[in-house]
Structures are given as C-alpha cells and as structure tokens.
Amino acid sequence: MKGSAAASAADAGVSQTGVEIVRRVLLLELLLLTLVGCATMPSQQEIANLDYGQPISIDYKKAIKTFFAETLYDPYSAHYRFGTPTKIWIKDPPLAGGGITAGYAVATKINAKNRLGGYTGYQNYLFIFKNDSIIRALDPDDLSMMRGGIFGDLLEAVPPESPE
C-alpha cells in the first residue's frame, strides 16, 4: 500500500498485512460472484435427456446413516430427520466444471455430538441417489451457497418432529 492509505491504516491501528488480506478477500468475493453469475441454465433438451436412474428402492435412511457412520465423531448418538426422495438435477458452477448431476434427492437434518459431547444443533444435508447409490452429498457449506429454490423447499419439507 502507498501514501495516505497506508497512513490511515496505521492511524486506525490496523496492520498493512490485515488491510491487504481484507482487500484480497473482497477482490476474491467479487471475482467469484462475477463468475457464478455467468452460469447458464441447461436447455429444455438437456433436461429432457438427463439420466436420473431408477427411483430409490433401498432403505435410503440406512444408507445415509452408514455414510455418517464413518464421518461423525459419535455416530450412534446422532438424531436424523429425513425428507422424502424427490427427482432433482443440479448444475455445477462454471468453476466446478458446469456439469449436471441428476438423481433422487433426500433432504436430511442431522443433530450430532461434537468432540466435547454437546449436540451441534440440526444441520442440513442433501443426498443425491442414482440407481440406489449415493452419488453426491451436499453439506451445510455447499447448501449455504445454493440458498432458496428447490433446495430450500426440500429442506423445509423435512418433518420437524420424530427424529430417528
């Protein structure tokens, strides 16, 4: 930084390094918003030709619990709430290749214990199945970038009572 900007940062008690980091983060956010805005919707023809696979015929709740058995700190204490399978497609942003994933989505809310033994509160996940296999799992970070639309509707449809 040069001149008065460096002086004002020093006067404010902010290091030049801190100001530079904030500046870079803001620039990166602007760049990402610009690139995400460039995403295009698939054509009607592309949507019509998607392969969703067969509707889910396995115990999808068990498959999701098995998925978390390997990742949760204490999987046996987890509480689950499941939505119903819904036919869905997702188009990745251009930076992620712009591919389309199609299958049957199951919105899931999970309340699990952390390393300190406390429950974290229900977290939203979305699992996409194709031919009875999980082909994609979207975690809370993924879903926070895809607010609203079908994702919000699927998550809101998960029953609030009777956790499993």
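The values are calculated or read from the model by the stated rules, or taken from the named source; none is laboratory data. As the structure is a computational prediction, the values presented were derived from the model and not from experiment. Methodologically, a virtual Cβ is constructed for each residue, glycine included, from the backbone with ideal geometry; neighbour enumeration extends over all protein chains shown.
Here is a yes/no grid of residues against (1) outside any helix (DSSP H, G or I); (2) modelled with pLDDT of 70 or more; (3) not basic (Lys, Arg):
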| residue | (1), (2), (3) |
| --- | --- |
| 5 | no, no, yes |
| 9 | no, no, yes |
| 14 | yes, no, yes |
| 22 | no, yes, yes |
| 39 | yes, no, yes |
| 42 | yes, yes, yes |
| 47 | no, yes, yes |
| 102 | yes, yes, yes |
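Conditions (1) surrounded by 11 or more Cβ atoms within 10 Å (Cβ to Cβ); (2) modelled with pLDDT under 90; (3) of a type in the set (Val, Ile, Thr), marked per residue:
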| residue | (1), (2), (3) |
| --- | --- |
| 27 | no, yes, no |
| 62 | no, no, no |
| 91 | yes, yes, no |
| 117 | no, no, no |
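Taken together, the criteria exclude residue 62 from residues that are part of a strand (DSSP E or B), assigned by TED's automatic domain parsing to the domain that holds residue 128 and out of contact with any Ser or Thr (no Cβ under 7 Å at 6 or more places or on another chain).
Is it the case that residue 109 is in a strand (DSSP E or B), in contact with a strand residue (DSSP E or B) (Cβ under 9 Å, 6 or more places away or on another chain) and closer than 18 Å to residue 159 by Cα? Considered against the rule, which asks whether it is in a strand (DSSP E or B), in contact with a strand residue (DSSP E or B) (Cβ under 9 Å, 6 or more places away or on another chain) and closer than 18 Å to residue 159 by Cα, residue 109 comes out as yes.
I'd like to verify a number: residues in segment 114-131 that are of a type outside the set (D, E, K, R) and either in a loop (DSSP other than H, G, I, E, B) or not assigned by TED's automatic domain parsing to the domain that holds residue 55 (or both), how many?
Number satisfying all stated conditions: 8.
Given the condition touching a residue at least 60 places away in the same chain (Cβ under 8 Å), surrounded by 13 or more Cβ atoms within 10 Å (Cβ to Cβ) and within 15 Å of residue 104 (Cβ to Cβ), answer yes or no: does some residue in segment 74-83 qualify? Scanning segment 74-83, I find at least one residue that is touching a residue at least 60 places away in the same chain (Cβ under 8 Å), surrounded by 13 or more Cβ atoms within 10 Å (Cβ to Cβ) and within 15 Å of residue 104 (Cβ to Cβ), so the answer is yes.
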